[in-house]
Structures are given as C-alpha cells and as structure tokens.
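One structure is given here, and the rest of the page talks about it.
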Amino acid sequence: MTQLYSNGVALNMDPSALGELRDSSDISDNTDALRCRMADDGYIFLRSFLDQEVVTAAREEILLKYAIIGEVDTNHSLDDAVYCEQSALLDVNLRAFAKSVRDGSCYKKVVLHERLLGLHERLLGGKVRPFDFRWPRFARPGEGCGVHCDGPYLTRGTNRIFSSWIPLGRVTRIEGALMILEKGPRHADLLKRYLEMDADRDHLEWLGDPRNTRDRFETRWLTTDFEAGDVLCFAMNTVHAALDNQSPTQRCRLSSDSRYQLASDPLDERWNGPDPPAHGRDKVFFPGLGSWNNKDFQDEWKTVDERGRLVISH
Ligand SMILES: O=C(O)CCC(=O)C(=O)O
C-alpha cells in the first residue's frame, strides 16, 4: 500500500498502527446502539447516509467558485478538481469568497440535510441547532490537517456537540481522508489538560505529530476511502487529523465539517449569530497554503486586510 503521510510525517503503516474505521451503517436506525457506539469509539461512520445527488450538487457549486478564483484548472472536467497554481488568490476578497462558499445553497442542503439533523437529534436527545458557521474545505495536493480534538475550539457554550465530517465527493486515503485515533485505555488521562484549554485564550497549536501521538496513546489511526454520501460523526474529545493529499492527478480534496448541539444549550459566540466573529474579524477560514504548526490558527485561518485581501506574513 502507498505510504501515507499526515502533516508531512510518514505514518507507521503496520496494521497494528493503522486500521479501518468501523462502519456503523447496520445500526443506523438503532438510536441506543448508536449512542453506545459513540460513547465507546468516539465516532460513528455511516456509509451512503446522504443522497449522493445532494452531495454532488454541493461539490459542483463549490468547485465552480474555486475555478472562478483560478484554484481549479478548467482545462480538465470540473469534477476532477485539478489544482491550478496560477490563481488570482492575491486579488480576491477572501472574506467574501469564503462566505459565498459557506453560505452556498447547495452546500447548505448537505449540512442541513434532514437525515443528518435527525442523526444528531437522536444522538443528543432533543431538538438540534446546527452551528451558524460551517467549515467547507479545499485541500490542495500536499495539504492535510494537524492532530487535534474539536473541544478546545468549539465548546464555550456546551461540550455536548458533535462534528460531522462529510466528503464532498470521493476522498480516498491518498487524497487526504480524515483519520481518527482509536480510543484506548490512556485516552482520558492523556487528554485531560488539553480538553480544558480554550484554543483562542491559550494559543493552542496542534496536539502533536501524528506518529508520536499514536505512539503515546498506544492505539491505531483509523481511516478509509470515502465516497459521496458517507458521514463521519464524532465527539469533542475525539482525536483526529487529515492525511496529506497525495493525489497523483493533482485532485483537490473537498470536504465539509459542521457542528450540531441541542437548541436548549448555550451557544459558543465565536460560531453563531448572523455574522460569527470566529477567531477575529481580520481572519478568514481558508485552510492550506503552508504549514506552521497552526500557530495563531494560521494553517487554517488567513489574515486579511480591510478589503478582504490576503496579508502575506513572512
Ligand atoms: O478535513 C480536515 O482537514 C480536518 C477536519 C477537522 O478537523 C474536523 O472536522 O474537525
């Protein structure tokens, strides 16, 4: 099997270190079983859970926007999502661009899909409120995402939140699939201090390098080859990262993360409201374009000027 990397680090490919996500499709109608699985594993993976056409329409909508700013090469079919290096990135209002992707009508049909809301409602046991902010991702060749839990980034209101990672089209493991660290006996102890932190207040960086993290936790990274329609739902204390995109055809990886909590629970003000402030008004969610350990969120959040133009920091 092809050597996999995450954050530029070669993973240990031995089956004792790298395994397959458990598919919970067979229990998708059984709420008690799903809740137990979430409590035990920290995630629920459901194949073909969403309508493929709804996901594919969101894919097309987002890729077209990336093509407009020159990040996707339209000499190939749009669906091939081939990366184009000569983009207009420096001339674009990234704040407006990111908002147009995040608020796209086809994309919203995925993150607000009634089956997805129903799943979170069953897991949480009440009426659900999706976060107003959403995280659509475009990962260029070579790009991935560092090791972290969502808790420190999202839980100022409540920690009863689930994240759903949704591939917007095929995302195989060599194209930058998400991976989850299997829960083991050391999980709670090793994460105790980390989960008490607040990413903004404590200037949090990634949890560690993927190889050392696995060694420390003494479990396995779990991943799979994802298809349009699959959903991977996980908890705030679930350790995860993305594999580096090694597509041989320069295919960019398109995926989404969205969050859901009980409507009756307090909200994290960073991610909710008509214009969520996120990590600051001068920062735009635009992952990639380098790797710096996520210092000041810069792996995922880019500083922009008052016209929304990218500020290059050296
Ligand atoms: O897709 C990625 O690269 C990272 C996703 C992630 O961190 C999340 O869903 O919380």
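The values are calculated or read from the model by the stated rules, or taken from the named source; none is laboratory data. Owing to the predicted nature of the structure, the values given are computational and were not obtained by experimental measurement. No Cβ is skipped: glycine too gets one built from the backbone with ideal geometry, and neighbour counts run over all protein chains shown. What goes into the accessible areas is simple: the full protein's heavy atoms, side chains included, and nothing from ligands, DNA or RNA. Shrake-Rupley method; radii C 1.70, N 1.55, O 1.52, S 1.80 Å.
Projected label points at GLU196 and ILE27, each 7 Å from Cα along the beta carbon direction, are separated by 3.2 nanometres. With springs only between Cα atoms under 10 Å apart, run a GNM on the chain and tell me which of ARG186, ARG47, ARG259 wobbles the most. Judging by the Gaussian network model, the answer is ARG186.
Of all complete DSSP H helices in the chain, those with a Cα span along the helix axis of 18 Å or greater and a mean Kyte-Doolittle hydropathy of 0.0 or more are 52-68.
Rolling a 1.4 Å probe across all protein chains gives TYR5 an accessible area of roughly 80 Å². Anyone know which of TYR43, TYR107, TYR194 comes out most mobile in the 10 Å Cα GNM of the chain? Of TYR43, TYR107, TYR194, the Gaussian network model singles out TYR194 as fluctuating most. Protein heavy-atom accessible surface, 1.4 Å probe, per residue over the range 5-303: 41 Å².
How much FRET efficiency would the formula 1/(1 + (r/R0)^6) give for LYS99 and ASP79, where r is the Cβ-Cβ distance and R0 is 25 Å, rounded to 0.05? According to the calculation, E is roughly 0.55. Computed from label points 7 Å out along Cα-Cβ, the spacing between THR303 and HIS279 is 1.2 nm. Cross-link reach is defined here as a Cα-Cα straight distance under 18 Å, omitting same-chain residues fewer than 8 places apart; for LYS108 the lysines meeting it are LYS65, LYS99. Estimated purely from DSSP H runs of n ≥ 4, each contributing -39500 (n - 2.57), the mean residue ellipticity at 222 nm for the chain is -7000 deg cm²/dmol once divided by its residues. Summary of the geometry: the range 65-129 and the range 218-271, compared by the centres of their Cα atoms, lie 14 Å apart.
Of all lysines in the structure, the ones whose alpha carbon falls short of 16 Å from that of LYS192, not counting any fewer than 8 places away in one chain, are LYS183.
As a calculated quantity, the FRET efficiency between TRP292 and LEU89 at R0 = 22 Å, using C-beta atoms, amounts to about 0.80.
Note on the chain: with a GNM built from Cα contacts shorter than 10 Å, the maximum mean-square fluctuation among ASN294, ASN12, ASN75 falls on ASN75. ARG307 contributes about 140 Å² of solvent-accessible surface, heavy atoms of the protein only, 1.4 Å probe.
Note on the chain: antiparallel DSSP beta bridges, both residues inside, total approximately 90 percent of the bridges counted.
With a Förster radius of 35 Å, plug the Cβ-Cβ distance of THR249 and ALA10 into 1/(1 + (r/R0)^6) and report the FRET value to the nearest 0.05. List each step's numbers first, then the result.
Working: r = 22 Å, r/R0 = 0.62.
That pair, THR249 with ALA10, gives E of 0.95.
The Rg/Rh ratio of the chain, with Rg taken over Cα atoms and Rh as the Kirkwood radius over Cα pairs, comes to 0.93.
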